[in-house]
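First the structure, in the form of structure tokens, and then the observations on it.
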Amino acid sequence: MLLRLRITLLDQPGSLGRITRVLGVAGADITQIVVLDRGEGRALDDITVYWPDAAPRQTLVQALESVSGVIVEGVWNTREGPDTYPELEILKYITTAGDRALATLLDSMPVLFSADWAAAGTEKAPRMVIHSSWRAPDEVPFPEDTPPRPAAFTLDSGRHSGLHVITAPLPPLALTFLLARADGPAFHRTEVHRLTRILEIFLTLPAVERGVARQSQRPD
């Protein structure tokens, strides 16, 4: 299986070498390393690895935490393969989807962001879900007030407590977008930035408003 590991480590020579060494000894095949943040002597990295399906994830966590200064922020499944350009592929499909542009966007975002599901609903109460991806719950936990710009947070109450989400407005459509991840860490600001740029491009497509108008008359 393909896993993503988010860790903080000492930002000093040799630190990353020690990480790759212990992961190799544990049996993980490293395919990609992305530095998310650096500052104050620490670094925040996302590492993508191939890991045997039957092997416990705790083995990976123990191996990483054996390195001085390492903190494991999260381990979760991902479907985003290394050395690919998924944003370009997804945008290509969206631009040719016509009235299904919104549905294509929502079905694609969980793959692109290693998340569980995505949904879009009307901005004002009573909320109506226009489209949701596979695995979305029957009751989507939209925020009471849609933020003015994409924002990440973790739900702290109710049946969805602990769920990590990014919520964003889709102003021309009067819709609220929600992307959710149950496992792993909260969404990082770099992920929010990526999503913001994708949504900006999406909202420029001429077929989007027409497609949403039709779907709102016959919700999925």
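The values are calculated or read from the model by the stated rules, or taken from the named source; none is laboratory data. Computed from a predicted structure; not experimentally measured. Here Cβ is always computed from backbone atoms with ideal geometry, including for glycine, and neighbour counts include all displayed protein chains. Heavy atoms of the whole protein, side chains included, go into the accessibility calculation; ligands, DNA and RNA do not. Shrake-Rupley method; radii C 1.70, N 1.55, O 1.52, S 1.80 Å.
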Seminar exercise, completed: Quick calc: nm separation of the 7 Å Cα→Cβ label points for D138 and A182 -> 1.6 nm
Problem set entry | region 1-48 shape via C-alpha gyration tensor axes, a/c threshold 1.5 | oblate
For this session: Please give the helix 86-95 orientation as an angle from the longest Cα principal axis of the chain, in degrees from 0 to 90, rounded to the nearest 10.
Result: 10 degrees
Exercise. Which length gain, in nm to one decimal place, applies between R21 and T204 when the Cα-Cα distance is subtracted from 0.36 nm times their residue separation?
Worked result: 61.3 nm
For this session: Mind checking the per residue accessible area of the chain for me, 1.4 Å probe, whole number of Å²?
Result: 51 Å²
For this session: Return an integer: the convex hull volume of the alpha-carbon atoms of region 121-176, in Å³ per residue.
Result: 91 Å³
Exercise. Say each of R149 and V34 gets a label point 7 Å from the Cα, pointing the same way as Cα to Cβ; how far apart are those two points in nm?
Worked result: 2.0 nm
Exercise. Say R0 is 45 Å: what FRET efficiency, to the nearest 0.05, do E73 and A174 get from their beta-carbon distance?
Worked result: 0.80
For this session: Taking GluC sites (Glu not before Pro) as candidate sites, keep only those in a DSSP loop with at most 11 other Cβ atoms within 10 Å, then name the longest stretch of the chain containing none of them.
Result: 41-138
Seminar exercise, completed: Of the candidate values [x] 188; [y] 123; [z] 136, the one computed for volume of the Cα convex hull per residue in Å³ from this structure is [z]
For this session: Using Cα pairs closer than 8 Å and at least 6 residues apart in sequence, work out the relative contact order for region 1-149, in percent.
Result: 21 percent
Problem set entry | Choice from A26, A125, A186 showing the highest fluctuation, given a GNM over the chain with Cα pairs closer than 10 Å | A125
Exercise. So what J values fall out for region 26-32 if you push phi through Karplus, 6.51 cos²θ - 1.76 cosθ + 1.60 with θ = phi - 60°, rounded to Hz, Gly and Pro as x?
Worked result: 6, x, 8, 9, 6, 10, 6
Exercise. Tally Lys and Arg at +1 and Asp and Glu at -1 over the other residues with C-beta under 11 Å from the C-beta of D46: what net charge comes out?
Worked result: -3
Exercise. Using Cα-only point scatterers and the Debye equation, what is log10 of I(q)/I(0) for region 1-128 at each q in 0.14 Å⁻¹, rounded to two decimals?
Worked result: -0.72
Exercise. Between region 133-212 and region 34-85, how many Å separate their Cα centres?
Worked result: 24 Å
